[in-house]
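Below: the structure, in structure tokens.
The values are calculated or read from the model by the stated rules, or taken from the named source; none is laboratory data. Since we're looking at a predicted model, the values are computed, not measured. Here the Cβ positions follow ideal geometry from the backbone for every residue, glycine too, while neighbour counts run over all protein chains shown. Only protein heavy atoms, including side chains, enter the accessible area calculation; ligands, DNA and RNA are left aside. Shrake-Rupley method; radii C 1.70, N 1.55, O 1.52, S 1.80 Å.
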Amino acid sequence: QVQLVESGGGLVQAGDSLRLSCAASGRTSSIWTMGWFRQAPGKEREFVAAVTWSLGVTNYADSVKGRFTISKDGANHTVYLQMDSLKPADNAVYYCAARRWGYGTRLIEDYDSWGQGTQVTVSS
């Protein structure tokens, strides 16, 4: 099993930046891909970004491309989401997810482990 703990959410103004962190523990050697998803009130959970653990190949949703950057620290089993130029449309609970034995994907059902989520609120 893999356990994930997110941190770094908060309240910011439009145009500001935030960095989310997600620390993985447990069977981390089985992680091939880590991703970030978000869920706004009344909406379905959606893909934000993903990174493959071995080669660091990244994948982004069109809505965040050019503003958000996903990165990893393999030694510390941590993945980050740097969010710049935040908009009110980015308001959501952000979840970290890990996929074991599989490469990058945008599909929620392909991820095996999930964090508890961290709230990001962007005021206009």
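Taking the Cα centre of the range 76-119 as origin and charging only Cβ (+1 Lys, Arg; -1 Asp, Glu), how large is the dipole, in debye to the nearest 20?
40 debye
Please give the per residue volume of the convex hull enclosing the alpha carbon atoms of the range 1-42, rounded to a whole number of Å³. Each step should come with its number before you reach the end.
Values: hull volume 4.6 nm³, N = 42.
Dividing the Cα hull volume of the range 1-42 by its residues yields 110 Å³.
Report Rg/Rh for the chain, rounded to two decimals, where Rg is the Cα radius of gyration and Rh the Kirkwood radius.
Details: Rg = 13.4 Å, Rh = 14.2 Å.
Using only Cα positions, Rg/Rh for the chain is 0.94.
Send over a whole-number figure in Å² for the accessible area per residue of the chain, probe 1.4 Å.
Result: 50 Å² of accessible area for each residue.
Check cross-link reach from K65 to the aspartates and glutamates: straight Cα distance under 19 Å, and skip same-chain residues fewer than eight apart.
Within the straight-line limit of under 19 Å, K65 reaches these aspartates and glutamates: D16, E46, D84, D90.
Counting each pair of different Cα atoms once, what's the Kirkwood radius of the range 51-124 in Å, rounded to one decimal?
Numbers: mean 1/r = 0.0737 Å⁻¹.
Result for the range 51-124, one decimal place: 13.6 Å.
When the Cα centres of the range 90-117 and the range 1-32 are compared, how far apart do they sit, in Å?
Going from one Cα centre to the other spans 11 Å.
Can you list residues whose amide H is under 5 Å from Q3's amide H, if they're 5+ apart or on another chain and H is modeled 1.01 Å from N?
Under 5 Å from the amide H of Q3 lie the amide H atoms of S25, G26, R27, each far enough along the sequence or on another chain.
Of the accessible area of the chain, with the probe set at 1.4 angstrom, what percent is carbon plus sulfur?
Details: 2970 of 6200 Å².
Percent of accessible area from carbon and sulfur atoms in the chain: 48.
Considering Cα pairs under 8 angstrom that are at least six residues apart, work out the relative contact order of the chain and quote it in whole percent.
This gives 36 percent for the chain.
Report ³J(HN,Hα) in whole Hz for each residue of the range 8-23, in order, from the Karplus equation J = 6.51 cos²θ - 1.76 cosθ + 1.60 where θ = phi - 60°; Gly and Pro get x.
These are the phi-based 3J(HN,Hα) values: x, x, x, 10, 9, 9, 4, x, 7, 10, 9, 10, 9, 10, 9, 9 Hz.
Which whole-number percent gives the relative contact order of the range 66-124, counting Cα pairs below 8 Å spaced six or more residues apart?
Relative contact order of the range 66-124: 34 percent.
In debye, nearest 20, what is the charge dipole magnitude of the chain about its Cα centre with +1 on Lys and Arg Cβ and -1 on Asp and Glu Cβ, if you could check? Can you show the working numbers first?
Working: 12 positive and 11 negative charges, 22 e Å.
Result for the chain is approximately 100 debye, rounded to the nearest 20.
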